Amino acid sequence: MLDRLRIDSLFRKALLLTVCLLPFQALPRTIWANYYPGSELPVSIRYLSLVDEAALFACIAFLFTFICLRSSLYGVTFLGLGKWIGLFAAVSISSMALNGVQPLQGLFGVYDLLKNIMFLFAFQMLRFDDRDLKWLVSAFKYIGIVLAVFALTGELLAFFFEAGIGVLVAEHARYGLYRVISLSGQGNHNYIGIFGVFVFSIVFSRPEKRPGDHAALWLAALLILLTFSRQAWLGFLVMLFFLSRLNARLAFALLTVPLLITALSFYEDISDILTDGMSYDPENYFRLYAFIYSLKILGEHIILGLGPGTFGGLASILFESGVYEEWPYFFREYAFRINGIDQFWPVIWAETGVVGFLAYSMIFVALYSRLREARAFFGKNGDLYMNRLGSALAGFTLVIVIMGFAGGLNSAFVIVSYLGMSGIYLSRFREKSGRASPPAGPGA
């Protein structure tokens, strides 16, 4: 029955479609808040924000079923990341016990920090083929084009006609232009910029580019620049340097623009500090305050941290951690409004100390190493497209790591898109390199 219905094939297609819809997940909430301010969100919109969580649990349930019923095709493998994930989990539980954190609060905190990594394993184990991978690359290209076109349209409407503000663009400007939000929803200008970097990277890796590919590259570059997101600009710089060996002339030409804008950004910040023009809006200084406070916690709990679920993440907000009681009111209120501090690595070292920070860092080091190994394999076997795509995915790993110092990693349409594609890529590597059966042990 399972063979006839091909449930696994249908689930793979449904999962790919779900990932492609994630960039638009927050749009209904934005539209509702704009046109019905102060009113309660409908149940359907509230549930829509949980699609990524539902997809993760569905992946786990279906994988368990597939492994039980089709063990000859599906197996458990952790790509060399398992031992580091296990170490981080052990450190977190030890910190939770040492600091007397409530079990539910602590376990939810650990889950919140590790949940997105699970998508990597799910996509890698589901046995996607080359067609699925190429389809997903093309789908992200067209999604990037749609997001960029709407963003640029919103920019023009806001700048020339003062229309569309709050839906297609943000309500404030930088350097005389509005910060685009587009179809990814309000408050997502940093994440849509990082997603633009991701789209640019995977399209740029194609050896033979069609006119649509060139259009996607330039539109993605414009989208990144008009977000006026320093995270996106820095990520763009990293990827341009990383991909420069693929096309040095184009990389150098594109590199000059974000360099100039970044220089202007630093000049503006320094000017604010040296003059009386500083604003005390918590939105402008919240991340700096939270970052410094995380270092304070690290200094007091340097080995194992304060305990999972106690600072910076969603668990600390839901369980009303006492850490925030000594914060100034406007910073505390802002943290509860945005459900955390919106910074990943400061949460890691504050909650799990130096040991937890090193363990989690090694997860990304192991992933980067595995992507580079796969890239080298495809290059050795003459598969230029997969070789270049591996370079893009490995480079974007560095972007994700850098992004974690100034932003969160729980934006589903960025992190799931990246980890999902990396999982499929590594799945193709395992199959083509003849690794039919996964190594035994938790670190396999």
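The values are calculated or read from the model by the stated rules, or taken from the named source; none is laboratory data. On a predicted model such as this, the values are computed, not experimentally measured, just so you know. Please note: Cβ atoms are built from the backbone with ideal geometry, for glycine as well, and neighbour counts cover all protein chains shown.
The table that follows gives values for the structure above.
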read-out: Which numbered condition residue 139 fails, given (1) crowded, with 16+ Cβ neighbours inside 10 Å; (2) on the phi < 0 side of the Ramachandran plot; value: (1)
read-out: Residue ID - nearest to residue 65 (Cα to Cα), chosen from residues in the stretch 12-36 that are hydroxyl-bearing (Ser, Thr, Tyr) and in a helix (DSSP H, G or I); value: 18
read-out: Which listed residue, of 92, 9, 39, is assigned to a helix (DSSP H, G or I), free of Cβ contacts under 8 Å to residues at least 60 places away in the same chain and not hydrophobic (A, V, I, L, M, F, W, C); value: 9
read-out: Residue check for residue 353: in contact with a Ser or Thr (Cβ under 8 Å, 6 or more places away or on another chain), of a type outside the set (Phe, Trp, Tyr), assigned to a loop (DSSP other than H, G, I, E, B) and surrounded by 17 or more Cβ atoms within 10 Å (Cβ to Cβ); value: no
read-out: Residues within the stretch 329-346 that are touching a residue at least 60 places away in the same chain (Cβ under 8 Å) and assigned to a helix (DSSP H, G or I), tallied; value: 2
read-out: Condition met for residue 375 (crowded, with 16+ Cβ neighbours inside 10 Å and in contact with a Pro (Cβ under 9 Å, 6 or more places away or on another chain)); value: no
read-out: Neighbours by Cβ (under 9 Å, 6+ apart or cross-chain): first from the stretch 372-395, within 18 Å of residue 209 (Cα to Cα) and free of Cβ contacts under 8 Å to residues at least 12 places away in the same chain; second outside any loop (DSSP other than H, G, I, E, B) and of a type outside the set (Asp, Glu); value: 383/377; 383/432
read-out: Filter result (touching a Leu at 6+ places or on another chain (Cβ under 7 Å) and either without any contact (Cβ under 8 Å) to a residue 40 or more places away in the chain or assigned to a loop (DSSP other than H, G, I, E, B) (or both)) within the stretch 183-210; value: 185, 205, 207
read-out: First in the stretch 407-428 and more than 15 Å from residue 22 (Cβ to Cβ), second anywhere and aliphatic (A, V, I, L, M) and part of a loop (DSSP other than H, G, I, E, B), Cβ under 7 Å, 6 or more apart; value: 426/79
read-out: Where residue 213 falls short, out of the listed (1) free of Cβ contacts under 8 Å to residues at least 40 places away in the same chain; (2) charged (D, E, K, R); (3) not in a loop (DSSP other than H, G, I, E, B); value: (1)
read-out: Unique residue being of a type in the set (S, T, N, Q), assigned to a helix (DSSP H, G or I) and out of contact with any Leu (no Cβ under 7 Å at 6 or more places or on another chain) when the list is 105, 124; value: 105
read-out: Near pairs, Cβ below 7 angstrom, 6+ apart or cross-chain, from the stretch 63-76 (assigned to a helix (DSSP H, G or I)) to any residue that is at pLDDT below 70; value: 67/75; 67/76; 69/2
read-out: Members of the stretch 46-68 found to be at pLDDT below 80, surrounded by 15 or more Cβ atoms within 10 Å (Cβ to Cβ) and farther than 25 Å from residue 364 by Cβ, listed by number; value: 48, 49, 62, 65, 66
read-out: Criterion: more than 24 Å from the chain's Cα centre (by Cα) and either of a type outside the set (Ser, Thr, Tyr) or on the phi > 0 side of the Ramachandran plot (or both) - qualifying residue of 50, 41, 56; value: 41
read-out: Residue identified as under 18 Å from the mean Cα position of the chain (by Cα) and either farther than 30 Å from residue 316 by Cα or modelled with pLDDT under 90 (or both) among 180, 110, 137; value: 137
read-out: Meets criteria (on the phi < 0 side of the Ramachandran plot, surrounded by fewer than 22 Cβ atoms within 10 Å (Cβ to Cβ) and either at pLDDT 85 or above or under 17 Å from the mean Cα position of the chain (by Cα) (or both)) for residue 170; value: no
read-out: Residue that is surrounded by the fewest Cβ atoms within 10 Å (Cβ to Cβ), among those in the stretch 282-310 that are among the hydroxyl-bearing types (Ser, Thr, Tyr), at pLDDT 90 or above and assigned to a helix (DSSP H, G or I); value: 293
read-out: Some residue of the stretch 347-370 being among the hydroxyl-bearing types (Ser, Thr, Tyr), farther than 30 Å from residue 425 by Cβ and in contact (Cβ under 8 Å) with a residue 40 or more places away in the chain; value: no
read-out: Selection from the stretch 311-327 of residues that are under 23 Å from the mean Cα position of the chain (by Cα) and either at pLDDT 95 or above or part of a helix (DSSP H, G or I) (or both); value: 314, 315, 316, 317, 318
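Residue-by-condition table, conditions (1) buried (at least 23 other Cβ atoms within 10 Å of the Cβ); (2) at pLDDT 90 or above; (3) not aliphatic (A, V, I, L, M):
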{"site": "198", "(1), (2), (3)": "yes, yes, yes"}
{"site": "201", "(1), (2), (3)": "yes, yes, yes"}
{"site": "208", "(1), (2), (3)": "no, no, yes"}
{"site": "211", "(1), (2), (3)": "no, no, yes"}
{"site": "218", "(1), (2), (3)": "no, yes, yes"}
{"site": "227", "(1), (2), (3)": "yes, no, yes"}
{"site": "235", "(1), (2), (3)": "yes, no, yes"}
{"site": "241", "(1), (2), (3)": "no, no, yes"}
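Here's the yes/no breakdown for (1) among the small types (Gly, Ala, Ser); (2) at negative phi; (3) in contact with a Gly (Cβ under 9 Å, 6 or more places away or on another chain):
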site: 328; (1), (2), (3): no, yes, no
site: 346; (1), (2), (3): no, yes, yes
site: 350; (1), (2), (3): yes, yes, yes
site: 363; (1), (2), (3): no, yes, no
site: 369; (1), (2), (3): yes, yes, yes
site: 375; (1), (2), (3): no, yes, yes
site: 386; (1), (2), (3): no, yes, yes
